[in-house]
Structures are given as C-alpha cells and as structure tokens.
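The values are calculated or read from the model by the stated rules, or taken from the named source; none is laboratory data. This structure is a prediction, so every number in the text was calculated from the model and none was measured. Neighbour counts run over all protein chains shown; Cβ positions are idealised from the backbone, glycine included.
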Amino acid sequence: MRKFRIEQSRTETYTPTAGLALVGHCVNRHTSLAKTARSIPKRHGIPNIDLFRTYLGLLCVGKSDFEAAEAMRFDPFFKHGLGIKQSPSAPRLRQRFDEDAEAIIPLIDAAGVEFVASVQAPITALSTGHVALDMDVFPQDNSRTKKEAVSYTYKGYDGYAPIAAYLGNEGWCLSCELRPGSQHAQKEFGYTLERVLPRVRQLTSAPVLVRLDGAHDAAINRRQLAAADNVDYLIKWNPRREDPEPWLAEATARGAWEQVRDGKRQALFSVDRADEYDGESQPWRLVVQLIERTIDRNGQLLLTPEIELEGWTTSLPEADYDNATILKLYRGHALCEQFHSEFKTDLDLERLPSCRFDTNDLVMAFAVLAYNILRWMGLRGLMGEHAPIRHPAKRRRLRTVMQELIYLAARVVRSARQLTLRFSQHCPPNFDSSRPDFALTPRSHAGLRADCGNVV
C-alpha cells in the first residue's frame, strides 16, 4: 500500500455534488420562481429566491434539516450551481419560512407542475389509454416530539398523514399536502380533488383514471369524479363488515365460481349499482371478488370455511373493461407505496424539520418540486442508451439519481470570468449544457464537463 501525502489547497475549489448544476438548471430555466418569489414582500436581507434555491439544493442531496444550510453556506459551488447570490444561515432560513409559509406554498405548488410541463416530461398512459392519477395517504413517524398537529396515526404511532397525488406511470407528483396524523383520509378530500384535477389538465388532455384506496369509498367522491370532464375512477370498495353470505349466494346463482385448487375456489363478477343525487340516478359498477377456503395451503381441513370478500367501485363499463382488467388496473395503484418511501427515506422527510405545521407543509411543497426534478433527471440521465448499466426499470429511485448524478466529484475552475466543472478521467457520460434539455450525452472525451455559466 502506497502512502499518501495529505494537504489542503489554498486556491482550488472541489465539490462532491457536481450534479447540483443540473438542479440549478432545472429551477432557473424551467420554473418562474425567480419572478414569482418577488410577489412576497421581502422584510429584510436575503432575496426569497435565494432561500428557495438553498432549500431545494439541500433536498436534492438528501438533507431536510435547516441546519444543513450551514455546511453549504460557504461552499462556492453550491452557490454557483444553484444561482444563489446570498446564502442564508440556518436560523434565517427557518425564520423566513415560519413567517411566510402560507404565502410561499402556492408558489412552490405551481412551480412543481410548471416544471413538469416546461421540460415536456413524458406522461405514459395505461393500456386502456387513461393516464393514472393515484392519490393516497401515508404516515410520517414524528413520535416523541411536540410538533404542531402531530397526532396518532393509523399505523399506531404519532406523526403526520399527508396525502399525495401522482400522475402517470412515471409518478410525477402534483401535490403532497400535509395533514394531522389523526385526520381521516376522507376529510376534506373533495377540496384536495378540486386543487389537483386542474393541475392534471395543465399536463395532459388524455382521459384520466383516478385510483383510490378503501378510505375514499364514499358516494360523494363518486359524484364529484363523475361530474369531472373526461375522468373515470377506480376505488377500492369498503365492505364495512358486510355479511358475505348473500354474496356467496350471488356468486353461485351467477355460476361465477372457479376452482383454484383443492379446498379453494374464487368468484369474480360485477354488479350494477346507482347513487341518488337530487332525484337523479348516478350509475356505477361494483366488481366483487370472493375467495372461499375449506383447506389451507398446508392441506389442513378447516372446521369452518374462510371467506374473503373484497371489491372495487368504478365508472368503467363492463362492456369495454372486463373484471380481470379492473383488477389489473388497480394493482398499479400499489406503486404509490414506492413513491411514499422515496419521500420519507430518499428525501429524508420521515421526520419533518420544524415544530410548526405550516412550515412543515411548506417543506412538503418543496419536496414535491425536488422529487419531480430528480425524477426527470433519472429519466433523462439513467434510462437512455448511454446511461450506466443497471437492471431494466421504468424509472429510477431518487436515491439512485442522487448517487449517480448528484454526488459527482469535480474541480471548479475559474478563468476569464467563466466557471468550468472539471471531472476526472474515470467519470461516466458527459453533461452537455449546450443542449436545451441539458441531457446526458455519450462520452466524447475523457471526463465529464458542465459549464456553470450556462446553468445559473
């Protein structure tokens, strides 16, 4: 083993997060935050846009605590890459967010959708031609804290229960609204729909399929979604302790039983239903699945049969979408769990950084924009022909994007009023900042290069 001499340069600047130049490009070229930030009166000191860029940069390297701003405050590349003129201290960042959270949230929400539209992000439809809109609640563990609105969640610990909305197979996030942990998923859900559906129409004119779990099985949701233009719905049915015996008889009468194995049979069929609104009938379809077991998987005879009853309510007609198709469509809703995990682990948002509810709500709004930026970077930089070799996938986790595209070491070279990122010889493909989409291009020379002057 060779011995190394350790020394610190007095003139040179290095960065372990060269990929932040891409983040700066996304924020400054594909959102209007620099303009809209001026709509909030600046009480003192640092411009609002520098606060926004600072916190977005922290989230994109996997840090959510305001204290992380201190380590980046005197990092010249962090400032150059994101276009920051004045770096805020951690106390100043926290204070300004506490003061203006309510005013900032609409600006960041709009920027998250604006970015997806500006980069012309792909929005892949389902096999039916619908674009999926998945909405779901997920818990954040903030137990043993005294944060505002932290309360008992359905997972059995104290925390928050935000509701998120994801569009398309890529999982573009349109909203992630913070809620108290004890708030039921259905409470104020109609208002959330009113905010989310217009954002969908900013991105696609295709028919939309809204997929929801059993917590949203309510007639008022079916009514609201049926009234929306070019929108269908698929909602997990909540049997609410319904007696399965009539359904067993219904399955027998329809001849719907299918023998899966000895001691196990299942039935899948549809029932037409309707809700009454102001004297008018609103039809909908209930797809029911029954499973009856008289012998368990180990061959043990059961004294009484085990009955599983579940179902899905939908506006999709049976003539065009058979029962098996409905089940297949709903299985895709499970992708929400992966997206929730990326918020909580990859963006470090399991435990939120503030004691104030509004400030934490603002943090989640910033997280939506950071999520979409990293998602797009992953699609452009890690899914193409010249991307690093990885297993086939439709998308890359945010953590993978950080590891492959954000955490890249480089030397910052200043010459003739221009900044250049100089990468080592062993680096993967090039960043080509001269292209409008700032995409990754094949290796044309030894090293990876990005002109910061074209980014900020």
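Listing for the model above:
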| item | result |
| --- | --- |
| Filter result (at pLDDT below 95 and in a loop (DSSP other than H, G, I, E, B)) within segment 219-248 | 238, 239, 240, 241, 242, 243, 244 |
| Sole exception among (1) in a loop (DSSP other than H, G, I, E, B); (2) surrounded by fewer than 16 Cβ atoms within 10 Å (Cβ to Cβ) for residue 70, by number | (1) |
| Any chance residue 310 is farther than 23 Å from residue 108 by Cα and either not in a helix (DSSP H, G or I) or not assigned by TED's automatic domain parsing to the domain that holds residue 283 (or both) | yes |
| Residue in segment 201-212 that is under 30 Å from residue 142 (Cβ atoms), assigned to a helix (DSSP H, G or I) and touching a residue at least 40 places away in the same chain (Cβ under 8 Å) present | no |
| Candidates 106, 91, 139 - the one that is modelled with pLDDT of 95 or more, surrounded by fewer than 18 Cβ atoms within 10 Å (Cβ to Cβ) and either basic (Lys, Arg) or within 26 Å of the chain's Cα centre (by Cα) (or both) | 106 |
| Those residues of segment 139-154 which are in a loop (DSSP other than H, G, I, E, B) and in contact with a Phe, Trp or Tyr (Cβ under 8 Å, 6 or more places away or on another chain), in sequence order | 139, 142, 143, 147, 148, 149, 150, 153 |
| Residue count for segment 121-151, restricted to those that are over 16 Å from residue 165 (Cα atoms) and touching a helix residue (DSSP H, G or I) at 6+ places or on another chain (Cβ under 6 Å) | 3 |
| Every residue from segment 339-352 that is surrounded by fewer than 19 Cβ atoms within 10 Å (Cβ to Cβ) and touching a residue at least 60 places away in the same chain (Cβ under 8 Å) | 344, 350, 351 |
| Criterion: among the charged types (D, E, K, R), in a helix (DSSP H, G or I) and out of contact with any Ser or Thr (no Cβ under 8 Å at 6 or more places or on another chain) - qualifying residue of 100, 109, 50, 65 | 100 |
| Pick from segment 183-201, criterion surrounded by fewer than 17 Cβ atoms within 10 Å (Cβ to Cβ) and either basic (Lys, Arg) or under 14 Å from residue 230 (Cα atoms) (or both), ranking: farthest from the chain's Cα centre (by Cα) | 187 |
| Of all residues in segment 155-173 being over 15 Å from the mean Cα position of the chain (by Cα), touching a residue at least 12 places away in the same chain (Cβ under 8 Å) and not in a strand (DSSP E or B), the one that is surrounded by the most Cβ atoms within 10 Å (Cβ to Cβ) | 157 |
| Close pairs from segment 18-46: first in a helix (DSSP H, G or I), partner aromatic (Phe, Trp, Tyr), Cβ under 7 Å, at least 6 apart | 20/78; 22/431; 22/438; 25/438; 26/115; 30/115; 33/52; 37/52 |
| Out of 81, 112, sole residue that is in contact with a Leu (Cβ under 6 Å, 6 or more places away or on another chain), over 30 Å from residue 169 (Cβ atoms), buried (at least 19 other Cβ atoms within 10 Å of the Cβ) and of a type in the set (Gly, Ala, Ser) | 81 |
| Qualifying positions in segment 279-290 - modelled with pLDDT under 95 and either farther than 28 Å from residue 128 by Cα or of a type in the set (A, V, I, L, M, F, W, C) (or both) | 279, 280 |
